[in-house]
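Notes follow the structure.
The values are calculated or read from the model by the stated rules, or taken from the named source; none is laboratory data. No experiment lies behind these values; they were computed from the predicted model shown. Note: ideal-geometry Cβ built from the backbone for every residue, glycine included; neighbour counts use all protein chains shown.
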Amino acid sequence: MRSFITIFALLISYISFSQVRKEVDNGIFVTFPTVPTYTIKGYVTTYSKITENVSYAVSVIRDAFPKYDEYLKAQINFTSSEKALVTNNFLNGLVEGTLKQSDAEGTTKDIKIGQYSGKKVVFSAINPTTGERTNREVIIISVKEKAIVFLAMHNKVSVSNSAKLEVEKFLNSISTAK
């Protein structure tokens, strides 16, 4: 009986602490600490999960790129640097909107996730669930007419090492590989 209880407890622990890899868009994957909640509202599909230390969200925003059909026709004549400039301007607008909405200033870094261009933004803002100013890390990537936003928001003012590791693991798991 004792071994049954031990095995049962280990199984529950494994299920409780197992990570869940999700394909949030065609060929774009991220790993959540546990099964996220999935919602669709208008043009936005969201995966979200809250742990003791961190709130996670991935939002896939369809039709985020204005006049994408016109861009597709025009970009045939663009050089690769002109295409990169358009994508960069699109991403800069998303970063600016994110910071403005949060009434924050942050640091921004250019990144690549597979073949997709993106921006990583680090800033602090008021956490709507706690009312405290906490740290946030956001990765925004441009995928065709969509913007995919990966958010990791600390739930506490003082950030523990385990919270930092959680965020790092989440953001580093974003990939285009299964």
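Please find, among Thr51, Thr37, Thr31, Thr45, the residue that is in contact (Cβ under 8 Å) with a residue 12 or more places away in the chain, touching an Asp or Glu at 6+ places or on another chain (Cβ under 7 Å) and β-branched (Val, Ile, Thr).
The unique qualifying residue is Thr51.
Looking only at the stretch 116-134, which residues are over 26 Å from Lys146 (Cα atoms) and either of a type in the set (Lys, Arg) or touching a helix residue (DSSP H, G or I) at 6+ places or on another chain (Cβ under 9 Å) (or both)?
Across the stretch 116-134, the qualifying residue is only Arg133.
Filter the strands (runs of 3 or more DSSP E) completely within the stretch 93-176 down to those with at least 1 residues that are within 17 Å of Thr46 (Cβ to Cβ) and basic (Lys, Arg).
Per the criteria, 133-143, 146-154.
What are the pairs, 6+ residues apart or on separate chains, where a residue within the stretch 75-87 that is free of Cβ contacts under 8 Å to residues at least 24 places away in the same chain has its Cβ under 6 Å from a residue that is of a type in the set (D, E, K, R)?
Gln75/Lys83
Name every residue in the stretch 128-146 that is among the acidic types (Asp, Glu) and closer than 28 Å to Ser160 by Cα, in order of residue number.
Glu132, Glu137
Is it fair to say Ala64 is out of contact with any Asp or Glu (no Cβ under 9 Å at 6 or more places or on another chain), in contact (Cβ under 8 Å) with a residue 24 or more places away in the chain, closer than 30 Å to Ala152 by Cα and not charged (D, E, K, R)?
Values: out of contact with any Asp or Glu (no Cβ under 9 Å at 6 or more places or on another chain): no; in contact (Cβ under 8 Å) with a residue 24 or more places away in the chain: yes; closer than 30 Å to Ala152 by Cα: yes; not charged (D, E, K, R): yes.
Criteria not met by Ala64.
Specify the residue that is nearest to the chain's Cα centre (by Cα); the eligible residues are those in the stretch 29-46 that are of a type outside the set (Phe, Trp, Tyr) and buried (at least 17 other Cβ atoms within 10 Å of the Cβ).
Here is the first cut: in the stretch 29-46, the residues of a type outside the set (Phe, Trp, Tyr) are 30-31, 33-37, 39-42, 44-46.
Next, only the ones that are buried (at least 17 other Cβ atoms within 10 Å of the Cβ) stay: 30, 33, 36, 45-46.
Details: Val30: 8, Pro33: 13, Pro36: 13, Thr45: 12, Thr46: 10 Å.
Restricting to residues being of a type outside the set (Phe, Trp, Tyr) and buried (at least 17 other Cβ atoms within 10 Å of the Cβ), the top hit is Val30.
If we scan the stretch 54-71, do we find a residue that is surrounded by fewer than 18 Cβ atoms within 10 Å (Cβ to Cβ), touching a Ser or Thr at 6+ places or on another chain (Cβ under 6 Å) and modelled with pLDDT under 95?
No, the stretch 54-71 contains no residue that is surrounded by fewer than 18 Cβ atoms within 10 Å (Cβ to Cβ), touching a Ser or Thr at 6+ places or on another chain (Cβ under 6 Å) and modelled with pLDDT under 95.
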